[in-house]
Amino acid sequence: EMRGESDAMIRAFDLLRRVAPADLSVIVRGETGTGKELAARALHTEGARPSGPFVVVDCGAIQANLVESELFGHERAAFTGADRMRRGAFELASGGTVFLDEVGELPMELQPKLLRVLERREVQRVGGSKPLAVDVRVVAATHRNLPEMVRAGTFREDLFFRLAEFEIVLPPLREREADITMLAEHFLKELASSGGPEATLDESAKIALLSNPWRGNVRELRNALRRAAVLAQDNTVSEDDLMVLNSQLRPSSAPSGPVASLDVDAAVPIKEAREKWNAPLEAQYLRQVMKRFSGNLDEAARHAGLHRKSLQRLLRGHKIELSDFES
């Protein structure tokens, strides 16, 4: 399901094909929305255990006190509320692949336990007394720089080396300009085939697509196209259709006044210059949206067309505190 014609994606596809048959643990690294789970599924379906289960664990979405149970399972009465035995992800994935999404969010106290499972190929349920053998391939994903976390002491070095027998980096969409129009047209066809409107892109839309930094990457592009297709007149998506609910593409987001008043640095590439211009506009947009919804992350994310975690990361990147908007 991954698509791309750019040199960066061709290299990523080649690495996926090469490592898929090998029984190696793989880390897939990339920004949110770049397709890390799709890459993990490709490694599973093209690997040695395609008929086995593919079990996903989102390490960043589980409460810290429940992560151990999610990964390794628990026995009945192991803790308050454990009214029955439960198998964890490693048991459920035995004979297949366990995908540890956002593994950089794994609590430090659980990292040695995960390392033991990877080294011994056996798990022990919370409250259990005997180890259980498991046969799984481990694929992990993260948007974080794990070597930097190792240096900072927030991620175990031995666990990193055990997980990263092979590493694949998925490039952000802004480094894949050759893929943007092709992906946009694919998403429109995908929408039409599922009963949505049949729409095509006009030239103004293609230019607008190439001018956007796509901080949410392929996921953001897909959402933008689905919205625009619904709004399109005569089944033709224009720049105006794309601008609805998308502050990055909205002309009114540009600073007022003559172009000469902008702080332009012609010594850097246009991509870098564009990011410098967009950063303060993005921060202003986020503050206005959060103010509008009184700091409610779920409502603000729905309005902005973003995943909740993506919105949280943007807010952290701009050092915007939720407490500033809570009523």
If you scan segment 68-100, which residues turn out to be in a strand (DSSP E or B) and buried (at least 20 other Cβ atoms within 10 Å of the Cβ)? Gly73, His74, Thr97, Val98, Phe99, Leu100
Would you kindly identify the helices (runs of 4 or more DSSP H) lying entirely within segment 269-327 that contain at least 3 residues that are open to solvent by 30 Å² or more (accessible area, probe 1.4 Å), at pLDDT 85 or above and closer than 22 Å to Glu175 by Cβ? none
Keeping to segment 45-66, report how many residues are of a type in the set (A, V, I, L, M, F, W, C), touching a residue at least 24 places away in the same chain (Cβ under 8 Å) and open to solvent by less than 70 Å² (accessible area, probe 1.4 Å). 6
Go through (1) within 19 Å of the chain's Cα centre (by Cα); (2) among the hydrophobic types (A, V, I, L, M, F, W, C); (3) not in a loop (DSSP other than H, G, I, E, B) and name the single condition Ile62 misses. (3)
What are the residue pairs meeting all of these: first residue in segment 12-31, first residue in contact (Cβ under 8 Å) with a residue 12 or more places away in the chain, second residue open to solvent by 60 Å² or more (accessible area, probe 1.4 Å) and acidic (Asp, Glu), Cβ atoms under 6 Å, and 6 or more apart or on different chains? Ala20/Glu46; Leu24/Glu165; Ser25/Glu165; Ile27/Glu167
Given (1) open to solvent by 50 Å² or more (accessible area, probe 1.4 Å); (2) in a loop (DSSP other than H, G, I, E, B); (3) under 25 Å from Arg316 (Cβ atoms), index of the condition Arg151 fails: (2)
Looking at segment 313-327, I want the residues that are more than 24 Å from Asn217 (Cβ to Cβ) and have a partner that is exposed (fewer than 15 other Cβ atoms within 10 Å of the Cβ) with Cβ atoms under 8 Å, at least 6 apart or on another chain. Which pairs are those? Phe325/Lys291; Phe325/Ser294; Glu326/Ser294; Ser327/Ser294
Output yes when any residue across segment 84-95 is in contact with a helix residue (DSSP H, G or I) (Cβ under 9 Å, 6 or more places away or on another chain), modelled with pLDDT of 90 or more and under 30 Å from Arg3 (Cβ atoms), and no when none is. yes
Give Ala8, Ala20 a once-over and let me know the one that is modelled with pLDDT of 95 or more and of a type outside the set (Phe, Trp, Tyr). Ala20
Restricting to segment 17-44, name every residue that is outside any loop (DSSP other than H, G, I, E, B) and open to solvent by 10 Å² or more (accessible area, probe 1.4 Å). Arg17, Arg18, Arg29, Lys36, Glu37, Leu38, Arg41, Ala42, His44
Could you identify the single residue in Lys189, Lys130 that is under 24 Å from Arg86 (Cβ atoms), open to solvent by 70 Å² or more (accessible area, probe 1.4 Å) and free of Cβ contacts under 8 Å to residues at least 12 places away in the same chain? Lys130
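Okay, residues lined up against (1) assigned to a loop (DSSP other than H, G, I, E, B); (2) within 16 Å of Ala279 (Cα to Cα); (3) at pLDDT 85 or above:
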site: Ser204; (1), (2), (3): no, no, yes
site: Leu209; (1), (2), (3): no, no, yes
site: Trp214; (1), (2), (3): yes, yes, yes
site: Glu220; (1), (2), (3): no, no, yes
site: Arg226; (1), (2), (3): no, no, yes
site: Val230; (1), (2), (3): no, no, yes
site: Gln248; (1), (2), (3): yes, yes, no
site: Ser252; (1), (2), (3): no, yes, no
Given the conditions (1) under 19 Å from the mean Cα position of the chain (by Cα); (2) of a type in the set (Gly, Ala, Ser); (3) open to solvent by 60 Å² or more (accessible area, probe 1.4 Å), report the number of the one that Ala141 does not fulfil. (3)
Checking Asp135 against (1) open to solvent by less than 60 Å² (accessible area, probe 1.4 Å); (2) touching a Gly at 6+ places or on another chain (Cβ under 7 Å): exactly one of these is not met. Which one? (1)
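The values are calculated or read from the model by the stated rules, or taken from the named source; none is laboratory data. This is a predicted model, so every value here is computed, not measured. Cβ atoms come from the backbone with ideal geometry, glycine included; neighbour counts cover every protein chain shown. Calculation scope for accessible area: heavy atoms of the full protein, side chains included, ligands and nucleic acids excluded. Shrake-Rupley method; radii C 1.70, N 1.55, O 1.52, S 1.80 Å.
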